[in-house]
Amino acid sequence: MRLVRTAAFGLLVLFSAGPAYALTISNIDAKSHAVTVTAGSDSKQLTIDPAKNIDAPCSGDCKVKLENGDVYELKGGETASIEDGVLYVDHSPDADIKDIPNIDPDAPLPQ
């Protein structure tokens, strides 16, 4: 019986823990880029080689600073890419298809 209670408690802790988000950054440029990812009080400098990507921890709010000084605030779970030295968010978990308005391309224009 004690084993069952311990296992049940372990599962409860496992499922009640908040989700761990990662931030994936791809480098599309022909040169390497250094980025600094700051999540809370933890800061990590990473180098992304050309045609490579990295996964950085980013749960809640985090900041990504590029070598040119540009700073981007992200929430975690995004997929981003660096192109021409600029960070672009390619996918965000906040983007939801159901939020896109249903527009009929064949409808007459309003007058």
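The values are calculated or read from the model by the stated rules, or taken from the named source; none is laboratory data. Model, not experiment: these values are computed from the prediction. Heads up, the Cβs are rebuilt from the backbone with ideal geometry, glycines too, and the neighbour counts pull from every protein chain shown.
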request  = Using the structure shown, decide if Pro50 is surrounded by 11 or more Cβ atoms within 10 Å (Cβ to Cβ) and within 15 Å of the chain's Cα centre (by Cα).
outcome  = no
task = Would you point out the residue of region 1-52, among those that are of a type in the set (D, E, K, R) and not in a strand (DSSP E or B), that is modelled with the lowest pLDDT?
result = Arg5
task = Report whether or not Ser59 is modelled with pLDDT of 95 or more and either exposed (fewer than 10 other Cβ atoms within 10 Å of the Cβ) or under 17 Å from Gly76 (Cβ atoms) (or both).
result = no
query = Is region 78-88 home to any residue that is at pLDDT below 90, touching a strand residue (DSSP E or B) at 6+ places or on another chain (Cβ under 6 Å) and not small (Gly, Ala, Ser)?
reply = no
